[in-house]
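Take a look at the structure set out below.
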Amino acid sequence: MTNVAFAEPELNNVRAVYLSADDLSVAASILYNAYFDDPHFVDIFQAEKEGYESRLRSAIREELNAFWVAKQPMIGLFDDNRLLAVACLTSPDSAFGAGRYWHWRLKMLLTAGLFGTRQMVEKEERVRGNIPASNFHMLSFIAVHPDHQHHGLGHILMGAIDSVLLEDTRSEGVGVYVTLPKCLSFFSDGRYELVRELEVGHITGHLMFRKRPDATDSE
């Protein structure tokens, strides 16, 4: 098989827009590649057992479908019609959270099993309970296509997340639970501050929070 070289996008041409239903399949593929070696998902979906790839793909697909049904903000970076990066957030006043919907729980039980589903719910409840704010967004997923990393797209995505916060006057900021050490500097550069280390299941991650930016911060 011949490797195909993808042209790097001109950053000035990259646009940030909310994802449509037609974008979810490509978004799921980008997230699968980004979170394949994330310790949290490796633990929950038992990477040491056969079928890890299938369980992870199914779980990410169900997560995105649940985000879509609940009308939660999902941002994509596009170069023309090509999706390059994705960020998925939950809104401050949303009932969407650790509980999700009954059909999400049922499908997740079939995908991750009882133990894995409980861990996912526990993780979200503990993370939300330790955020130093009452009304806030949570950054559940963020990823850049593997062919286009290290070219500034992540920082453009950060700016788009700030725009979402500025659009919602209720939000005090955005939290994220970071379990990949290589991502800590990225969030630190984006003005996310460490709240505390937090152990969920067998994994210890870093809970970080970005206070609501002033309008001048996102210019």
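The values are calculated or read from the model by the stated rules, or taken from the named source; none is laboratory data. Quantities reported herein were computed from a predicted structural model and do not represent experimental measurements. Here the Cβ positions follow ideal geometry from the backbone for every residue, glycine too, while neighbour counts run over all protein chains shown. The accessibility values were calculated without ligands, DNA or RNA, using every heavy atom of the protein model including side chains. Shrake-Rupley method; radii C 1.70, N 1.55, O 1.52, S 1.80 Å.
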* Asked: Yes or no: Leu198 more than 23 Å from Asn33 (Cα to Cα), among the aliphatic types (A, V, I, L, M), at pLDDT below 95 and not in a loop (DSSP other than H, G, I, E, B)?
  -> yes
* Asked: What do you reckon, is Ser20 open to solvent by 80 Å² or more (accessible area, probe 1.4 Å), modelled with pLDDT of 90 or more and among the small types (Gly, Ala, Ser)?
  -> no
* Asked: Across the range 23-38, which residue is nearest to Ala70 (Cα to Cα) among those that are open to solvent by 40 Å² or more (accessible area, probe 1.4 Å) and part of a helix (DSSP H, G or I)?
  -> Ser25
* Hey, among the residues in the range 44-71 that are over 20 Å from Leu139 (Cα atoms) and of a type in the set (Asp, Glu), which one's surrounded by the most Cβ atoms within 10 Å (Cβ to Cβ)? -> Glu53
* Filtered residue count, the range 87-146, keeping only those that are assigned to a loop (DSSP other than H, G, I, E, B), at pLDDT below 75 and either in contact with a strand residue (DSSP E or B) (Cβ under 8 Å, 6 or more places away or on another chain) or open to solvent by 20 Å² or more (accessible area, probe 1.4 Å) (or both) -> 8
* For the range 139-162, does any single residue satisfy the condition of being closer than 21 Å to Glu124 by Cβ and touching a Lys or Arg at 6+ places or on another chain (Cβ under 7 Å)? -> no
